[in-house]
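Structure record follows, encoded as structure tokens.
The values are calculated or read from the model by the stated rules, or taken from the named source; none is laboratory data. What you see is a predicted model; the values in this text were computed from it and never measured. Glycine gets a Cβ as well: all are built from the backbone with ideal geometry, and neighbour counts include every protein chain shown. The accessibility values were calculated without ligands, DNA or RNA, using every heavy atom of the protein model including side chains. Shrake-Rupley method; radii C 1.70, N 1.55, O 1.52, S 1.80 Å.
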Amino acid sequence: LAAGFILRLAVILAGDFIDQAFYPVQFTDIDYRVYSEAAEYILQGSSPYERQTYRYPPVLSAILAGNFVCHRIFGKVLFALFDILIAYELERVVRISCQREDLSLMWMRIWCANPIAIYISCRGSVDSVSSWLVLYTLRNMLLDHFDCAAVALGFVVYFRMYPIIYAPLLAIHILSKTWDRESLVKAVRFGALLTLTALMCGLVSFYVCGKPYLDHALLYHFSRRDHRHNFSPMFYLTYLESIDPQPDSWTQLLTRKAPAICQCVLLAAVTCKVGTLSLAKSMLILTLIFVAFNSVITGQYFLWYLILFPVAFPNI
């Protein structure tokens, strides 16, 4: 773990040197600059949503104030630390799921040297934080610590939204253990804690930032259209729609409605099959479906399901 963190720190320092020495060639992710500029607005007493294209909860920009209080690479070091926590969490989850220390240590070492994870976290992507929270939720589910899992999932839903797809699956998993009154109470309690956590975090953000929080951090993601940096199979249709002020109905159907319908149907089908698959495999399939049928796919999205492969297929 220490060697993995030192490797990431070296990449961060090298990337910072590239940013300074070879401008306008930039190693740093553009989103990291958006986080940082939003944090600057917070330090000035303004809303982070004064920064155009900031689409995240205010807590992220508040944390990234350390870029100005400490150093501009503060956030990258923090995200790299969470990437190492993912390796640590993988070791624990694999050990719980397959009861083999050799496999758990192997996957921890593989993640520490994972070039995709290193590249994404060291460029300044926040997805290492949400990915660690997803693994933390999974570990607590495997240990039957349902309250901790609910609170963790509630916060990561507030933080990144997409993990809401796991909520029905995890509730059914709790019910499927015995299908009795006690399991029903636990499932309801799980749903209530999850909802309360996400709702309280959202209400605090709304109280601090007002309607811009709803518009930019929540509602925007339901209508997001972006043909740039997009690995989605629908990227070209999205591009054609972006250059046509009045796209025809077929283009709108193919780029907006059809993928969303396929996504919902497949997610529901896999969720109902939770009893025939392990929890990790079900979460992996849900994530693959969600990413594959999303209208926008960026490099960070691959991390969402890569973290689940070692747990779902430890002997691969």
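At a probe radius of 1.4 angstrom, the accessible area of the chain per residue rounds to 50 square angstrom. Between F146, F68, F79, the Gaussian network model of the chain with springs among Cα atoms under 10 angstrom shows the greatest mean-square fluctuation at F68.
In the range 54-198, Cα pairs under 8 Å separated by at least six residues give a relative contact order of 21 percent. Gap in Å between the Cα centre of the range 1-80 and the Cα centre of the range 100-117? Here the two parts' Cα centres lie 26 Å apart. Dividing the helix sum by the residues of the chain, where each DSSP H run of 4 or more adds -39500 (n - 2.57), gives a mean residue ellipticity at 222 nm of -21000 deg cm²/dmol.
What residue among L64, L90, L105 shows peak mean-square fluctuation when the chain is described by a Gaussian network model with Cα springs under 10 Å? Greatest mean-square fluctuation among the candidates belongs to L105.
Annotation: peptides 6-18, 158-170, ranked by per-residue average of other Cβ atoms within 10 Å with the highest first, follow the order 158-170, 6-18.
At a 1.4 Å probe radius, carbon and sulfur cover how many percent of the accessible area of the chain? Numbers along the way, then the final one.
Numbers: 10570 of 15780 Å².
Within the chain, the accessible surface is 67 percent carbon and sulfur.
In the structure shown, the pairs K76/K211; K76/K281; K177/K281 are assessed against 24 Å; a Cα-Cα span above that value is assigned to K76/K211; K76/K281.
By its C-alpha gyration tensor, with a ≥ b ≥ c as the square roots of the eigenvalues, how is the range 82-186 shaped: rounded for a/c under 1.5, else prolate for a/b larger than b/c, else oblate? Please list the in-between numbers first.
On the way: a/c = 3.22, a/b = 1.47, b/c = 2.19.
Verdict is oblate for the range 82-186.
Choose one answer from T271, T137, T53: the residue with the largest mean-square fluctuation in a GNM of the chain with alpha-carbon springs under 10 Å. Greatest mean-square fluctuation among the candidates belongs to T53.
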